[in-house]
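> Let me begin by handing over the structure; questions about it come next.
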Amino acid sequence: MNEPQDHLFFAAARAVMELMMLRRTDSLRLPYPPLVQLTLDRIVLDCLRRGDDPPTSVPDLVARLGDPARWPFVPPVGITIPLVDLATRTPTRTCAEAASAGPSGVLEQEAELLLAEIAEGCRSAEHFAECRAFLSENIIISPARGRALSSHRRKSALLRRLRWLYEEAPTAFATRGMGERFLAECARCRFPAFQVGRAEEETWRCETGYCGLMDAPTLYGFHDSLLLRAPLRLFMALPGQVESDLLRRLHGAGVSTVLVEGGLGAHRTTHPVDGPVFQVFDREDPVLLAARFSELDDLPGPPVTAVIPDRVVAERPSYLTTLAAHLEPGKTATVVTEAELLRSLIGAVEEGLAHA
């Protein structure tokens, strides 16, 4: 993924993510953030040089990014998921992943920096793990949830400590009804939900994309509620859903683990054997994930076994094949599914008991 055209793809993804973060406007209007305007100018210039029809405005660019057949640039080989979901008019998770790619990446890198800052203020690894769990379990803090957390001594202390990682939701998350604005929460995964299509249709889809369409999300006052920052939602809390269930099942079977310092959240098994280190990667696009594995492979430290959630493979049966096809030759990335990791580690415990 080193062709010059790829830079426009990644820049477009970062521009769309910046547009989603806007809080002061309900529509795309001038003046646009400098990064957005610069990206549009670069894409227009490139289209004119190649003799293609350039986007006529930022809204036109956003609309074209919702259909890969209309992208005003050549995308990286193998990437076919839109950067914009036209039904909700919001960035896809692929857009967030593309915005994190390469040396100018922003979201995943910000998540790592925020977690490192949290870790610096923790008195122990257990305290840090507790902070991560709190964030993953509390994506949206409504006034009622805030009061419930404040009534619990330990959770109240965590809320005070981590309050700076929450913010008022961007305008893109607003649900309108009865002359008011609301923040919708998926009743299943508790991530924010976007209204699909026209307001009178009253249909929502959660940010994760796993829970399907819903007609009855939980609604909170838009300006009264707080939302966990996007980098931590998408790159820590989302895989954290699978991670917490995975750890619960491992611990229940007698496999002990510890959280590895640094990064988004890798774990090392300590019983029945010391190792391996594994990390859950819940990513929408396998091509971008393969490129990320190449970057991780060059970092110091023990090799990490990448765990692909079963729900990812269920959504896209060709995911693992595509991922393997785009792994850089010579790299040592080890990739397993959630089910394969469980079978391997729990099987080791059962084998040890059988020989005891």
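> Sort 331, 155 by accessible area with a 1.4 Å probe, largest first.
From most accessible down to least: 155, 331.
> Tell me the per residue accessible area of the range 128-213 using a 1.4 Å probe; a whole number in Å² is fine.
With all protein chains present, the range 128-213 gives 48 Å² per residue.
> Output wanted: per-residue J couplings in Hz (rounded whole) for the range 280-285, from phi through Karplus 6.51 cos²θ - 1.76 cosθ + 1.60, θ = phi - 60°, x for Gly and Pro.
Values per residue, Gly and Pro as x: 7, 10, 9, 10, 7, 10 Hz.
> While we're here: For mean projected area of the Cα convex hull in nm², several values are listed as [x] 21.3; [y] 20.2; [z] 17.3; flag the one computed from this structure.
Matching entry in [x] 21.3; [y] 20.2; [z] 17.3: [y].
> With just the Cα atoms defining each centre, how far is the range 215-242 from the range 287-337? Give it in Å.
26 Å
> May I pose another question? Go through the range 288-294 residue by residue and turn each phi into a ³J(HN,Hα) via Karplus (6.51, -1.76, 1.60, θ = phi - 60°); whole Hz please, and just put x for glycine and proline.
5, 5, 4, 5, 5, 4, 5
> What percent do you get for the relative contact order of the range 1-155 when only Cα pairs under 8 Å and 6+ apart count?
With pairs under 8 Å counted, the relative contact order is 22 percent.
> Tell me the relative contact order for the range 5-75 as a rounded percent, counting alpha carbon contacts under 8 Å between residues six or more apart.
38 percent
> For the chain, what's the relative contact order in percent, using C-alpha pairs closer than 8 Å and at least 6 residues apart?
With pairs under 8 Å counted, the relative contact order is 14 percent.
> Let me ask you something else. How large is ³J(HN,Hα) for each residue in the range 38-53, as worked out from phi by the Karplus curve 6.51 cos²θ - 1.76 cosθ + 1.60 (θ = phi - 60°), to whole Hz, x for Gly and Pro?
Couplings: 5, 5, 4, 4, 5, 5, 4, 4, 5, 4, 5, 5, 8, x, 9, 6 Hz.
> Further question: Give me, ordered by chain and number, the residues 5 or more places off residue 85 or on other chains with an amide H under 5 Å from its own placed amide H.
90, 92
> Given a 1.4 angstrom probe, I'd like the percentage of the accessible area of the chain that is carbon and sulfur, rounded to a whole number.
54 percent
> Let me ask another. Return the long-range amide H neighbours of residue 186 (sequence gap of 5 or more, or a different chain), with a cut-off of under 5 Å between placed amide H atoms.
191, 193
> Give me the one-decimal nm value for the distance between modelled label points at residue 337 and residue 74, 7 Å along each residue's Cα-to-Cβ direction.
Rounded to a tenth, the inter-label distance reads 3.5 nm.
> Ok, one more. How big is the gap, in Å, between the Cα center of the range 63-122 and the Cα center of the range 143-191?
Here the answer is 24 Å between Cα centres.
> Calculate how many DSSP beta bridges within the chain are antiparallel, expressed in % of all such bridges and rounded to the nearest 5.
Here the antiparallel bridges make up roughly 75 percent for the chain.
> Count neighbours as other Cβ atoms within 10 Å of each site's Cβ, and list the trypsin sites (Lys or Arg not before Pro) in the range 179-260 that are DSSP loop with at most 12 such neighbours.
198
The values are calculated or read from the model by the stated rules, or taken from the named source; none is laboratory data. Quantities reported herein were computed from a predicted structural model and do not represent experimental measurements. Don't worry about glycine lacking a Cβ; one is built from the backbone with ideal geometry, like all the others, and counts go over all protein chains shown. In case anyone asks, the SASA skips ligands and DNA or RNA and just uses the protein heavy atoms, side chains included. Shrake-Rupley method; radii C 1.70, N 1.55, O 1.52, S 1.80 Å.
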